[in-house]
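Quick note: the coordinates plus some simple rules give every number you see, no bench work behind them. Since we're looking at a predicted model, the values are computed, not measured. Here Cβ is always computed from backbone atoms with ideal geometry, including for glycine, and neighbour counts include all displayed protein chains.
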Amino acid sequence: MGDGMLDAQSLPLTLSSDETLTAIEGTSVQRGNDTPSLMELGLTELLAAARRVLASVNGGAVANPDACMRAELREARELFLALGVALEATESEGIAIAEDGTWFQLGGPKIDMGRRGAVRRILLALAQTRTSQPGVTLSVNDLFQLGWPGEKIPYESQVRRVYTAVWTLRTLGLDSCLLTRNEGYMLDPKKPLRLV
């Protein structure tokens, strides 16, 4: 489209640099019967969120992304989807996990798991199950036995420990990859995973 207009389907799919964000700025987005001002508002919010995350990552200020940054990324992704822009998967979206579970990496810096005994063992069990039997879940009981081998505590306490371990994995950056199913938990079989 001419005159500084962008079709929502033609927006750049990778926000890898400030130039990409600048290229989007100053354009209008028009899609179907949507009001351009509402679309522009969404695009403005998206650009602001993307700029904050990009500035933090490029500035090296973020060694371990916190919950706030992950919320910003989720918000940016949701705004892209609301604008009708499909996001392409990149190689960096795959999960790399150390064979001993001492670290993982998901499109950013390595996250150290060396001092997180039970959580590390649970992550490793989820990764090994994902590579050997994609789509198979591990139950709360399975994860408790793997995370705290040989420990005997009431079932309610086991459930709380596993829920806390899963919450920890999600807050460390695996929120988009760690799936909950009726039968238990698994790493997303659609995301590439490497044990290294």
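Here are the numbers for the structure shown:
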| item | result |
| --- | --- |
| Neighbour-count order for ILE153, ILE111, ILE122, fewest beta carbons within 10 angstrom listed first | ILE153, ILE111, ILE122 |
| Exposure proxy ranking, count of Cβ atoms within 10 Å, fewest first, for LYS190, LYS110, LYS152 | LYS152, LYS190, LYS110 |
| Formal net charge of residues neighbouring VAL136 (Cβ-Cβ distance under 11 Å; K, R +1; D, E -1) | 0 |
